[in-house]
Every structure is written in structure tokens, then in C-alpha cells.
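**Student:** Take this structure first; my questions come after.
The values are calculated or read from the model by the stated rules, or taken from the named source; none is laboratory data. Please read all numbers here as calculations on a predicted model, not as lab measurements. Cβ sites come from the backbone with ideal geometry, for glycine too, and all protein chains shown count toward neighbours.
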Amino acid sequence: MSFTPSASNHNRAEMYEEVRLWKNPRERERYDNMADVFSIITTLQALEKAYIKDLVEPAEYTSNCQILLAKYSAAFRQLEGEFPKVEDFVHKYKLDCPAAILRINEGRPITVRDDRGNMGKSIAETVSLFINLMDKLKLNIRANDMLQTDVRDLLDVINRMNLIPSNYTGRDKIPKWLNILTNMNAAEEITDDQARQFQMDLEICYNEFNRLLSAG
């Protein structure tokens, strides 16, 4: 019994044929480089989100972030003629990765201390976070989900600044409050006594921070 391929069978076979995106080795290298950059950016975005959610230890985060940034720098250099900035690449391929873009533009893990070139920005951010937290407490805002993010951001920016010495009182007091909030449910509120103590601790840390600025 003989078998004659039908038109439908022939079309189905064509669906499984390999489709090449390149016509020569140079074009293949271009697509390989774009695939590398795409993979690095999406991985970096996932790493940033994992760190924010405390799913990865700071040391592990720092090591992996530095490796990814180094790989990105090498890979993206091959595409600079087509994509002057990482934002151009992200826009063309419709990537949603704001955390990765921020990390790439800063060129260092969030856990690595800031340099003098970014000190002014870090000082402004620190002052803003202190004032925002103290204002919230004065307005009787007590819920964990309204406080924890600012406390975490404040601790992160303090840890990045070379200006702040290791014996700065905020290095003890702020982690203590972050630990308290981390162990609470989102809608759970700190007590009035805790809020009063928190307010006093923030004022002590803020005043000492201002003295450090004056001394510097």
C-alpha cells in the first residue's frame, strides 16, 4: 500500500522546519548578543525583586549582582551601535524591568556603599526618609505597611554612605525597628508606646546625622 503526502501533511511538516534569523555569521553573533543582554536584564530584575522581598541574603545578592553587571557591560558593548542606551533596548523589546535599569545605571549593587559623586543625592534621600517617617508618626500612622518600606529604604541608603561611621547610632536603632516591623502582619499597627519610642529614636538618629554632615 502506497502513501501519497497530502497538501495538509506537507504544510504541517514545514511548521517544524528551523527558521534562521540570520544570513551570515555576523548576523548570528548580533542575535546571540541581544539574547545575552535580554537574559541578563531579566535575571537582574528577578534578583532585585528577590532582595527587596528578603528572599536572598545580602552577601549572595551582592556577589550575583556584581557578576551580572559585569556580564551586562561586556554584552551590551557589542550592541552600542544599535542601542545607545539600555532604555532603548528595553523599549524595543517591551521589557518591564525598572529595578534592573536602575541597577545598571548606578553600576553597582544596592548593598555597595555610595561614592562621593553620589553623596549629595544620598544625603537628600536620607533627610527625606527621616522627615517622612517622623511626620507619619506625628500623624498617628501606625500600620506596618505604611512604615516598613521607608524604614528599609532608610537603612539601605545609610549603609551605602561612606560619610556615616560604623558607630553611628542609627546602625543599631534602625535595624531594630525594621526587625520589629518585619515580624508584623501588613495591617498590624505598632502601639502608642512603640510609636513614641520610635519617634524619639528617629529624632536621635536624625540629629546625629545632621551633626555628621556639619562635621564633614
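**Student:** Among the numbered conditions (1) outside the structural domain of THR62 (by TED's automatic domain parsing); (2) in contact with a helix residue (DSSP H, G or I) (Cβ under 8 Å, 6 or more places away or on another chain), tell me where ILE101 comes up short.
**Tutor:** (1)
**Student:** Out of the residues in region 148-190 meeting the condition of being hydroxyl-bearing (Ser, Thr, Tyr) and touching a residue at least 12 places away in the same chain (Cβ under 8 Å), tell me which one is nearest to THR62 (Cα to Cα). Walk me through it before giving the result.
**Tutor:** Quick first cut of region 148-190, residues hydroxyl-bearing (Ser, Thr, Tyr) only: 149, 166, 168-169, 182.
Filter again for touching a residue at least 12 places away in the same chain (Cβ under 8 Å), leaving 168-169, 182.
Values: TYR168: 23, THR169: 25, THR182: 21 Å.
Applying the filter and picking the extreme gives THR182.
**Student:** Let me confirm something: among ILE164, ILE141, which residue is in contact with a Lys or Arg (Cβ under 9 Å, 6 or more places away or on another chain), of a type in the set (A, V, I, L, M) and not in a helix (DSSP H, G or I)? Full working, then the answer.
**Tutor:** Details: ILE141 fails: in contact with a Lys or Arg (Cβ under 9 Å, 6 or more places away or on another chain).
Going through ILE164, ILE141 in turn, the sole match is ILE164.
**Student:** Okay, moving on. Being of a type in the set (Lys, Arg) and part of a helix (DSSP H, G or I) is the filter; apply it to region 40-74 and report the residue that is modelled with the highest pLDDT. Steps first, please.
**Tutor:** Narrowing region 40-74 to residues of a type in the set (Lys, Arg): 49, 53, 71.
If we keep only those that are part of a helix (DSSP H, G or I) too, we end up with 49, 71.
Numbers: LYS49: 91, LYS71: 85.
Filtering first and then ranking leaves LYS49.
**Student:** In region 77-106, which residues are hydrophobic (A, V, I, L, M, F, W, C) and either surrounded by fewer than 13 Cβ atoms within 10 Å (Cβ to Cβ) or under 24 Å from TYR51 (Cα atoms) (or both)? Write out each step before concluding.
**Tutor:** Of region 77-106, the ones hydrophobic (A, V, I, L, M, F, W, C) are 79, 83, 86, 89-90, 95, 97, 99-102, 104.
Correct list: VAL86, VAL90, LEU95, CYS97, ALA99, ALA100, ILE101, LEU102, ILE104.
**Student:** Which one of ASN159, ASN140 is closer than 27 Å to ALA215 by Cα and of a type in the set (S, T, N, Q)? Talk me through it step by step, then tell me what you get.
**Tutor:** Numbers: ASN140 fails: closer than 27 Å to ALA215 by Cα.
Within the list ASN159, ASN140, the selection yields ASN159.
**Student:** Within region 157-185, which residues are closer than 16 Å to GLU125 by Cα and at pLDDT below 90? Lay out the reasoning, then the answer.
**Tutor:** Restricting attention to region 157-185, the residues satisfying the condition of being closer than 16 Å to GLU125 by Cα are 157-164, 170, 174.
VAL157, ILE158, ASN159, ARG160, MET161, ASN162, LEU163, ILE164, listed by residue number.
**Student:** Then there is this: So is MET200 within 27 Å of the chain's Cα centre (by Cα) and in the same structural domain as THR149 (by TED's automatic domain parsing) or not? It would help to see each step written out before you state the result.
**Tutor:** Details: within 27 Å of the chain's Cα centre (by Cα): no; in the same structural domain as THR149 (by TED's automatic domain parsing): yes.
In short, no.
**Student:** Continuing with this model, one more query. For region 115-122, state whether one or more residues are part of a loop (DSSP other than H, G, I, E, B) and under 19 Å from the mean Cα position of the chain (by Cα).
**Tutor:** Here is the first cut: in region 115-122, the residues part of a loop (DSSP other than H, G, I, E, B) are 115.
Adding the requirement that they be under 19 Å from the mean Cα position of the chain (by Cα) leaves 115.
There is at least one residue in region 115-122 that is part of a loop (DSSP other than H, G, I, E, B) and under 19 Å from the mean Cα position of the chain (by Cα).
**Student:** Listed residues ASP201, ASP193, ASP153; which is of a type outside the set (S, T, N, Q), surrounded by fewer than 14 Cβ atoms within 10 Å (Cβ to Cβ) and either at pLDDT 95 or above or in a helix (DSSP H, G or I) (or both)? Even if it seems obvious, please write down each step before you answer.
**Tutor:** Numbers: ASP201 fails: surrounded by fewer than 14 Cβ atoms within 10 Å (Cβ to Cβ); ASP153 fails: surrounded by fewer than 14 Cβ atoms within 10 Å (Cβ to Cβ).
Of the residues listed, the single one that is of a type outside the set (S, T, N, Q), surrounded by fewer than 14 Cβ atoms within 10 Å (Cβ to Cβ) and either at pLDDT 95 or above or in a helix (DSSP H, G or I) (or both) is ASP193.
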